[in-house]
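Reviewing the structure listed below.
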Amino acid sequence: MSFSRIFITGGTGFTGSHLARRFLGEGAEVHVTHRRGSSLERVKDIQNLLVLHEVDLADSHAVVSLLDVVKPDAVFHLGADLHQQGIEPLVEPLVRTNVLTTALALEWARKHDVVFVYAGTFSEYLPSSTPVRETAQLGPQEFYSLTKLAGTLRTSQMGKLGVPAVSLRIFTPYGPGMREGRLVRNAIERALAGEPIPLSSPQVTRDFIFVDDLVDLYIAAGNSARKFPGEVWNAGGGKATTQEEFSKLILGMTGSSSTIEWSTRGALAYDGELWQADLEKTKRMLGWSPAHDLRSGIEKTIAWYRKNTPRV
């Protein structure tokens, strides 16, 4: 299936900008949303090729009105209201953006029979000691994750009503253009600068997925939405990596003499014994597998950061 007109919320963000770039390369007309005052640094090289729409995703009616104008044949809903770790989240913006706007955008997709791909998160699951399947127990540990789970569940409900709507539960994406403060970007930048790298615990694990592989998976999910409406698929690399293993990889590949500063002050509510995506369902239904292991993805990411002074 090919889409001629794409609508991407969060299309100037990390993953969204990579997805927009891919669709442009396939000849699609690509519409992306961005907040007033948000950086367009990630899309500066393709800005003249995109159709940019300034809209607040917390204003659900403005988003629906924009969909009425654009009339896309596929919606990739990557945009969300985030909150800074360690700060009490503001409940209303999270609900308005992550729940209400998602629900009304899905209603629009139902009315117009449009493919809808939703970006969920691995933190919708209850922390587990085994690789996580899509049928695993749900148990968000933060309010943000709870609002994202509401979006995933509503997407699945609409799929059962025949809407070509599907979800990805995304683990830890990384690659060129990551948001400042993210684990991989922070570690690489500090390693290249020879600065100490703060991490929470040697035993904490993450399942990393390179952004190019995630873009491939978004496209596979969109192409399969009419065949498998309502489905949820894990989006990860399929391998758990401890922060100790991760730090050794970064230091080795950058040749850095940086020290690692272990501190539980950086611990997250969803840090558990093991975070690893079980990819059996994703591979079987979508015919997708990650093309990059962590080393090859980190190699490309380090090369990008060596050549760029990120301002994203």
Exercise for review: Of all residues in segment 120-167, count the ones that are part of a helix (DSSP H, G or I), of a type in the set (G, A, S) and touching a strand residue (DSSP E or B) at 6+ places or on another chain (Cβ under 7 Å).
Suggested key: 4
Revision key, fill the gap. If you go through K44, K71, K111, the only one that is basic (K, R) and on the phi > 0 side of the Ramachandran plot is K71
Check your understanding: Which of the residues belonging to segment 118-147 are in contact with a Pro (Cβ under 9 Å, 6 or more places away or on another chain), hydrophobic (A, V, I, L, M, F, W, C) and modelled with pLDDT of 95 or more?
Key -> L146
Exercise for review: Return a yes/no flag: does segment 18-26 have any residue that is part of a loop (DSSP other than H, G, I, E, B), surrounded by fewer than 17 Cβ atoms within 10 Å (Cβ to Cβ) and assigned by TED's automatic domain parsing to the domain that holds R226.
Suggested key: yes
Check your understanding: Just to be sure, is V132 crowded, with 17+ Cβ neighbours inside 10 Å and in the same structural domain as A58 (by TED's automatic domain parsing)?
Key -> yes
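Matching residues to (1) more than 20 Å from V166 (Cα to Cα); (2) aliphatic (A, V, I, L, M); (3) at pLDDT below 95; (4) in contact with a Pro (Cβ under 9 Å, 6 or more places away or on another chain):
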residue: I219; (1), (2), (3), (4): no, yes, no, no
residue: K248; (1), (2), (3), (4): yes, no, no, no
residue: L251; (1), (2), (3), (4): yes, yes, no, no
residue: S257; (1), (2), (3), (4): yes, no, yes, no
residue: E261; (1), (2), (3), (4): yes, no, yes, yes
residue: G287; (1), (2), (3), (4): no, no, no, no
residue: L294; (1), (2), (3), (4): yes, yes, no, no
Check your understanding: Assuming T12 fulfils every condition listed in (1) over 12 Å from G79 (Cβ atoms); (2) at pLDDT 95 or above apart from one, which condition is it?
Key -> (1)
Point to revise | Failed item, numbered, when R110 is tested on (1) among the charged types (D, E, K, R); (2) over 22 Å from L214 (Cα atoms); (3) not in a helix (DSSP H, G or I) | key: (3)
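The values are calculated or read from the model by the stated rules, or taken from the named source; none is laboratory data. Note that the coordinates shown come from a computational prediction; the quantities given were computed from them, not determined experimentally. For neighbour counting, all protein chains shown are included, and Cβ atoms are generated from backbone atoms with ideal geometry for every residue, glycine included.
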